[in-house]
1. Could you calculate the contour length gain from Leu34 to Met22, that is, 0.36 nm times the residue separation minus the distance between their Cα atoms, to one decimal place in nm?
2. Using amide H atoms built 1.01 Å from N in the peptide plane, name the residues 5+ places from Glu45, or on other chains, whose amide H lies under 5 Å from its own.
3. Which cross-chain or sequence-distant (5 or more) residues have an amide H under 5 Å from the amide H of Cys50, H modelled 1.01 Å from N in plane?
4. Between Gln54 and Ser68, what length in nm is gained on full extension when 0.36 nm per residue of separation is reduced by their alpha carbon distance?
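What follows draws every value from the coordinates through simple rules; no lab data is involved. Owing to the predicted nature of the structure, the values given are computational and were not obtained by experimental measurement.
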Amino acid sequence: MMIPLRKSLCDYYSHVCYDWAMRTVNISDLKARLSAHLQLVRDGEEVLVCDRNQPVARIIPCHMEDHSEHERRLVARGILAPPLKKPRSPMAWPEPPGNVSDEVMEKVWRKERENR
């Protein structure tokens, strides 16, 4: 179902946009034309995925241009989740001392999560 997009007011806390016509697609069409739908997402559109016309997921653009190569690798491996929104003021984080490998950090994060 192709709907012309109309951007409007967004609620930045819950990532919900009001008065925004979102492109919707059923799973069968998504499977058949996945590359085309992903291209729409790369171009900045959101796609609502439906199972028998019932919404089940939303595919949103992932803007990683502002992130370091290390962060992009962690996101690609599923270890780090990118933020849904940009911070209001750019913060400069200091570089951590030392050089810790991705594998060591993954073990540390898993251990922290197990202790919650």
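1. Taking 0.36 nm per residue and subtracting the Cα distance, the gain is 2.6 nm.
2. For Glu45, whose amide H was placed from the backbone, there are no distant partners under 5 Å.
3. Amide H neighbours of Cys50, under 5 Å, 5+ apart: Val25, Asn26, Ile27, Val56.
4. That works out to 1.3 nm of additional length.
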